[in-house]
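Notes follow once the structure below has been shown.
The values are calculated or read from the model by the stated rules, or taken from the named source; none is laboratory data. Small disclaimer: the values here were computed from a predicted structure and weren't measured. Here the Cβ positions follow ideal geometry from the backbone for every residue, glycine too, while neighbour counts run over all protein chains shown. Remember, those area values only see protein heavy atoms, side chains included, never the ligands or the DNA or RNA. Shrake-Rupley method; radii C 1.70, N 1.55, O 1.52, S 1.80 Å.
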Amino acid sequence: MQVNFSEIQKIINYIEINFDREVTAHEIESMSHYSYRNFQRIFFKLFNETISGFQKRLRLENAYKKLIYTEDTLSEIAWQVGYFNIQSFSKAFKKQYSVSPTEARKQKHDIFKKFIEHHDSDLKIEIKYKDAVSVYCKFIKAKDYNNQKIDALWKEIEPDAEIFDAAYGIIRDQPLITNHLHCRYGAAVKSDEVIEGFQKIEILGGKYARFTHYGPYDIILETYRSFYRFWLSEKQFLLNNSDVIEEYEEPEITHIYFPLYE
């Protein structure tokens, strides 16, 4: 059976948007020409996890981000990610991460400690409101945001560069929480022309902490380290569990937008 990757990505995007509930077999079949059974088989072959496992992982990873980024109560977070009672949420969370939600929140600084240790914070951080932008996007599993895979994705797009108005990177996962094999990166471009093999989606739209990385992309982690060190020490704002957006202004200038909790 020939795999329609554009159709697969459309369904994955739908599942991600609706991570807080169980997406049904009927919904998946209505969005594609695949039977649910065939889609399950293709999904597992491509991503080495079941659809139900993917949905459960998204719920718990978003819950983990909310625990360390916000001050919402455990009950509120459980409800926001699709659990109807705190007992079932706590049981699922502990099974996934070997700590309870309460312990995970208390250990927030420990999660970042190794990533930011011996690193100074020297960033200009601005609070910005950004309108939503329609883009054409393609996602890959970047395995802990491996630069070689990201570079290969952009090289695939380069032949169409003359029709781009702007270019963005979408950081969908928090690699300190998500298994590095599942970390997803999206290459997104703003264009008036349809780009084959890409999904049209909206990014941005809301309140963000913006800071800028100067230099080659292969050392951008240093800038993220500075940001997290600032955020943990200054406590000026809470973060949101939505996508982090990188805006590529010039070859060695990247504006980074962290969504803020409102």
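Cα centroid separation, the range 80-125 to the range 1-65: 25 Å. The spread of Cα positions in the range 185-254, taken along each principal axis and listed from longest to shortest, comes to 44, 27, 17 Å. The magnitude of the dipole of the chain, with charges of +1 and -1 set on the Cβ of Lys/Arg and Asp/Glu and taken from the Cα centre, is near 1500 debye.
The mean sequence separation of alpha-carbon pairs under 8 Å and at least six residues apart, normalised by the residue count of the range 15-131, gives a relative contact order of 20 percent. In this Cβ point-charge picture (+1 for Lys and Arg, -1 for Asp and Glu), the range 24-167 has a dipole of about 920 debye about its Cα centre.
Given the pairs Lys56/Lys124; Lys91/Lys138; Lys45/Lys155; Lys56/Lys138; Lys113/Lys155, which span a C-alpha to C-alpha distance of over 27 angstrom in this model? Let's see the in-between values first.
Details: Lys56/Lys124 37 Å; Lys91/Lys138 34 Å; Lys45/Lys155 25 Å; Lys56/Lys138 23 Å; Lys113/Lys155 35 Å.
Among Lys56/Lys124; Lys91/Lys138; Lys45/Lys155; Lys56/Lys138; Lys113/Lys155, the Cα-Cα distance tops 27 Å for Lys56/Lys124; Lys91/Lys138; Lys113/Lys155.
Of the residues Tyr36, Val3, Thr24, the one whose Cα sits farthest toward the positive end of the charge dipole of the range 1-48, with +1 on the Cβ of Lys and Arg and -1 on the Cβ of Asp and Glu, is Val3. Ranking Arg225, Arg184 from most to least accessible surface, computed with a 1.4 Å probe over the protein chains only, gives Arg225, Arg184.
Restricting the GluC sites (Glu not before Pro) of the range 57-136 to loop positions (DSSP other than H, G, I, E, B) with no more than 16 neighbouring Cβ atoms within 10 Å leaves Glu71, Glu117. Quick check: net charge around Glu103, other residues with Cβ under 12 Å of its Cβ, Lys/Arg +1 and Asp/Glu -1? Taking every other residue near Glu103 into account, the sum is +3. Dipole orientation for the range 50-140: of the candidates Gln55, Ile140, Trp79, Gln55 has the Cα lying most toward the positive pole (charges on Cβ; Lys, Arg +1; Asp, Glu -1). Here's the picture: charge each Lys and Arg Cβ at +1 and each Asp and Glu Cβ at -1 in the chain, and of Leu239, Tyr208, Ser90 the one pushed furthest to the positive end of that dipole is Ser90.
Its Cα centre serving as origin, the range 129-262 has a Cβ charge dipole (Lys and Arg +1, Asp and Glu -1) of approximately 760 debye.
Below 13 angstrom from the Cβ of Pro175, what's the summed charge of the other residues (Lys, Arg +1; Asp, Glu -1)?
Details: positive: Lys65, Lys114, Lys141, Lys143, Arg172, Arg184, Arg225; negative: Glu61, Asp144, Asp173.
Value of the local net charge: +4.
In the context of the full protein assembly, Lys124 retains an accessible surface of approximately 150 Å², using a probe radius of 1.4 Å and ignoring ligands and nucleic acids.
Tell me the volume per residue, in Å³, of the convex hull enclosing the alpha carbons of the chain.
On the way: hull volume 36.2 nm³, N = 262.
Residue-normalised Cα hull volume stands at 138 Å³.
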